[in-house]
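To start, the structure itself, in structure tokens.
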């Protein structure tokens, strides 16, 4: 009886292996990356004639808070594409933490375009040779069609009176931010705080570090991504202030308007989430033209309008003027001018032994 | 060899089954683990040592091992209790309770993590009751232990249950008839038989706890030096594109848990042998 049971187990194991090896590695990757078809229209199968080559599918690998933006944008682009070429285009979206998404592409996720939280993550993909190292020159404005910044989301009425970065280090304030080691958004948060301490308080390096140390003493939870932090703050009701992407903060306001308000600090950072074409993949799939058109469409009036509607700061002046009142005025530092670019910022602050590690290591 | 041949076997010849086992184990376990070690060998010895002995890394080993140990211990005690109740008593809804035990196996661990956090967070149902008492669960090592208890429940129950079921009650009855106290009956007659499965269950729950990631990241708070578990640190390094460092930390974690499981195995064999001599004599 017992051996019979064992035999059954072995058979099941064999079955599992067969099934696993039947789906190729490509398939595995895609399904693991929460890809969700935004345009749920059925693909090529419908038109049996010679029109099939026109049906194109693109995969846009992006980061967490752009989900709503690209749902709307993809719809608009598909219409535009249909008008222009008469063909059908389906765009699949994949969202997750920015670093995790970059890793997935490095490990073989067949992304046509990447739209990530920071240039450093796309640089990491470029290092594998999947796209050229000067990718950031491919499109206008540093390949960043829309920008954002870091603002504070506080509870209605701002009960703790939080006005600026200086308030975040006070006793009894709980600050919610994700972990800069795993979240692109959190790196912008960290650098914005660093920039504030350096610029406005005329702090020297040790005092700036002390400021950050005090700030992170007030952080009770470090989620791994921006969405996780928003959930902690909004749904679990933890903390007095959420350091958030501006668009993420407005989104929270749109959904739970009565419970929160946005505080714009005196200084923040110009967050540039860039876009790029993954050369290796589009050349293999023959989708370069469509991918290029897709990213260029982000810069058009319609694209910019959608970005602005989703609370990203548009680059196009005419659209920016139209949505001027939507965004708070503040002093914006930039990664290139104030931090010497991503490589340097990464090395100094977030690599092993960098300033973020020093905050938590005793005796430093 | 000759000894083995004498036995009746369902599967064809030894060479075939052995070949399959080795190939299977190689593809699934040995080669990936070797790749891990090779990857970490990209670092120079001093880099390797610096990576695995940094204060944050050491703090995370300690946290992972301690919480996994406590969680396994709690499961040892309460798992036995649960198994006991399920085997020895009849009550309405017993089938449902029995099914519930396996739920932690089936549930995606992240779901468990989110559910536990929602309930035990300072604003959650249970958390808000504990808060005035000064007990914080979510975002502390207690929360991590709780998550590990949750995912470890089935191990002890499912290893102890069949032994308890097969246990013949005549020894127990004899003990009672001869005037033994209940506690004495339990400790002298029942417990010795249960020690080997209990140790197995403990070891399994412990090993699972050390490597658990999904359910813990939500409830731990992930604060470096305080509530940052070793698996999270490995993920952190991976996301920073530091593959070799991540592999190094993973290798150390692997060695520690291998060593601990080895110890438990020795303990188990020892208790098995002692048991047999006691029973035989």
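The values are calculated or read from the model by the stated rules, or taken from the named source; none is laboratory data. Quick caveat: nothing in here was measured; it's all calculated off a predicted structure. Glycine gets a Cβ as well: all are built from the backbone with ideal geometry, and neighbour counts include every protein chain shown.
The table that follows gives values for the structure above.
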| read-out | value |
| --- | --- |
| Given (1) within 14 Å of chain B (Cβ to nearest Cβ); (2) on the phi < 0 side of the Ramachandran plot; (3) more than 21 Å from the chain's Cα centre (by Cα); (4) at pLDDT below 95, index of the condition residue A:237 fails | (2) |
| Qualifying residue in segment B:132-143 (condition: under 26 Å from the mean Cα position of the chain (by Cα), under 17 Å from residue B:103 (Cβ atoms) and surrounded by fewer than 24 Cβ atoms within 10 Å (Cβ to Cβ)) | no |
| Filter result (in a helix (DSSP H, G or I) and either within 14 Å of another protein chain (Cβ to nearest Cβ) or over 19 Å from residue B:30 (Cβ atoms) (or both)) within segment B:234-255 | B:234, B:235, B:236, B:237, B:238, B:239, B:243, B:244, B:245, B:246, B:248, B:249 |
| Test for residue B:214: is it within 14 Å of chain A (Cβ to nearest Cβ), over 21 Å from the mean Cα position of the chain (by Cα) and within 24 Å of residue B:104 (Cβ to Cβ) | no |
| Residue list for segment B:227-245, restricted to those being touching a residue at least 60 places away in the same chain (Cβ under 8 Å) and either under 19 Å from residue B:140 (Cα atoms) or crowded, with 22+ Cβ neighbours inside 10 Å (or both) | B:227, B:228, B:229, B:230, B:231, B:232, B:233, B:245 |
| Number of the exception - residue B:157 against (1) away from chain A (no Cβ under 14 Å); (2) surrounded by fewer than 16 Cβ atoms within 10 Å (Cβ to Cβ); (3) within 18 Å of residue B:83 (Cβ to Cβ) | (2) |
| Condition met for residue A:323 (surrounded by fewer than 20 Cβ atoms within 10 Å (Cβ to Cβ), within 14 Å of chain B (Cβ to nearest Cβ) and touching a helix residue (DSSP H, G or I) at 6+ places or on another chain (Cβ under 7 Å)) | no |
| Qualifying residue in segment A:195-211 (condition: in contact with a helix residue (DSSP H, G or I) (Cβ under 6 Å, 6 or more places away or on another chain), part of a loop (DSSP other than H, G, I, E, B) and crowded, with 22+ Cβ neighbours inside 10 Å) | no |
| Residue among B:256, B:264, B:189, B:195 that is surrounded by 15 or more Cβ atoms within 10 Å (Cβ to Cβ) and under 28 Å from residue A:354 (Cβ atoms) | B:256 |
| Subset tally (residues that are more than 23 Å from residue A:297 (Cβ to Cβ) and more than 14 Å from chain B (Cβ to nearest Cβ)) for segment A:88-118 | 1 |
| Search result, residues across segment B:15-46 that are in contact (Cβ under 8 Å) with a residue 60 or more places away in the chain, within 14 Å of another protein chain (Cβ to nearest Cβ) and either part of a helix (DSSP H, G or I) or touching a strand residue (DSSP E or B) at 6+ places or on another chain (Cβ under 8 Å) (or both) | B:39 |
| Segment B:180-202, residues that are in contact (Cβ under 8 Å) with a residue 60 or more places away in the chain and over 12 Å from residue B:159 (Cα atoms) | B:192, B:193 |
| Count of segment A:262-284 residues which are in contact with a strand residue (DSSP E or B) (Cβ under 6 Å, 6 or more places away or on another chain) and closer than 25 Å to residue A:220 by Cα | 7 |
| Residue within segment B:111-120 that is over 23 Å from the mean Cα position of the chain (by Cα) and within 14 Å of chain A (Cβ to nearest Cβ) present | yes |
| Failed condition for residue A:224, given (1) at pLDDT 95 or above; (2) within 14 Å of chain B (Cβ to nearest Cβ); (3) in a loop (DSSP other than H, G, I, E, B) | (1) |
| Filtered residues of segment B:201-233 (kept if over 16 Å from residue B:151 (Cα atoms) and assigned to a helix (DSSP H, G or I)) | B:230, B:232, B:233 |
| Index of the failed condition, residue A:253 passing every other in (1) at pLDDT below 95; (2) part of a loop (DSSP other than H, G, I, E, B) | (2) |
| Count of residues meeting criterion [part of a loop (DSSP other than H, G, I, E, B) and within 14 Å of chain B (Cβ to nearest Cβ)] in segment A:173-194 | 8 |
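Residue-wise test of (1) on the phi < 0 side of the Ramachandran plot; (2) out of contact with any helix residue (DSSP H, G or I) (no Cβ under 9 Å at 6 or more places or on another chain); (3) part of a helix (DSSP H, G or I).
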position	(1), (2), (3)
B:86	yes, no, yes
B:97	yes, no, yes
B:102	yes, no, yes
B:113	yes, no, yes
B:130	yes, no, yes
B:135	yes, no, no
B:139	no, no, no
B:144	yes, no, yes
B:148	yes, no, yes
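One line per residue, one yes/no per condition, for (1) out of contact with any strand residue (DSSP E or B) (no Cβ under 8 Å at 6 or more places or on another chain); (2) closer than 20 Å to residue A:84 by Cβ; (3) within 14 Å of another protein chain (Cβ to nearest Cβ):
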{"site": "A:286", "(1), (2), (3)": "yes, yes, no"}
{"site": "A:297", "(1), (2), (3)": "yes, yes, no"}
{"site": "A:306", "(1), (2), (3)": "yes, yes, no"}
{"site": "A:329", "(1), (2), (3)": "yes, no, no"}
{"site": "A:336", "(1), (2), (3)": "yes, no, no"}
{"site": "A:341", "(1), (2), (3)": "yes, no, no"}
{"site": "A:344", "(1), (2), (3)": "yes, no, no"}
{"site": "A:357", "(1), (2), (3)": "yes, no, yes"}
{"site": "A:360", "(1), (2), (3)": "yes, no, yes"}
